[in-house]
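Heads up, the thing below is written out as structure tokens.
The values are calculated or read from the model by the stated rules, or taken from the named source; none is laboratory data. In this text, all values refer to a predicted model and were calculated from it rather than measured experimentally. With ideal geometry, Cβ positions are generated from the backbone for all residues, glycine too; neighbour counts draw on all protein chains shown.
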Amino acid sequence: MINLLKNILSNQNYVEDKEDNKNLELLCGLMIEAAYSDGQIDELESDKIKSSLITIFDEDPKDVESALNQAIKNKNNSKSLHYYTSFINKNFTDEKKLLLIETLWELVLSDGEVHDYEANLIRRLAGLLYISDVSSGNARKKALNKKLK
């Protein structure tokens with residue numbers, strides 16, 4: 001009986017770890033997609049992705065490095081936005097989704113200019129994540145204010 005409970009609990013921990021890795025994988029993929037929407041990912045954007053995942057989303061630095069390298073390698077094999085947003089809608093709170101949009105705005109603004117493709121991508125993501133244009137605009141303003149400080 002005790003062994004059965006141990007197996008169930010260890011299996012539950014394995015499932016939770018696997019779910020956390022999926023979250024990190026999706027966040028990396030989505031951020032790489034946003035950074036690459038202007039045709040290039042510079043070091044500043046890459047550093048911003050790392051720091052955002054570690055400080056804002058509380059991810060482990062070693063896991064972030066690994067997932068980010070994998071996402072960069074797979075950037076040309078990117079998945080549809082629906083792939084990312086359907087998972088995020090099921091697993092993230094509204095506050096976390098808004099935080100993600102704000103982080104994406106910070107990422108897009110980190111290279112000093114916003115390309116039309118980048119702004120369009122975030123606008124489409126906000127719509128797919130059921131975030132209003134007003135909330136997305138406020139997230140953009142917050143990101144811009146952080147950059148100016």
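The table for this structure:
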| read-out | value |
| --- | --- |
| Test: residue in region 78-92 that is among the basic types (Lys, Arg) and closer than 19 Å to LYS50 by Cβ | no |
| Breaking point among (1) surrounded by fewer than 15 Cβ atoms within 10 Å (Cβ to Cβ); (2) of a type in the set (Asp, Glu); (3) modelled with pLDDT of 90 or more, for ASP63 | (1) |
| Filter pass, VAL108 being part of a loop (DSSP other than H, G, I, E, B) and surrounded by 14 or more Cβ atoms within 10 Å (Cβ to Cβ) | no |
| Close pairs from region 132-149: first under 14 Å from GLU95 (Cβ atoms), partner hydroxyl-bearing (Ser, Thr, Tyr) and modelled with pLDDT of 90 or more, Cβ under 9 Å, at least 6 apart | ALA139/THR103 |
| Single unsatisfied condition, LEU148 versus (1) of a type in the set (A, V, I, L, M, F, W, C); (2) surrounded by 13 or more Cβ atoms within 10 Å (Cβ to Cβ); (3) closer than 22 Å to SER51 by Cα | (2) |
| Residues (outside any helix (DSSP H, G or I) and aliphatic (A, V, I, L, M)) located in region 52-73 | ILE56 |
| Per-region count, region 88-117, residues over 20 Å from PHE57 (Cβ atoms) and either among the charged types (D, E, K, R) or at pLDDT 95 or above (or both) | 3 |
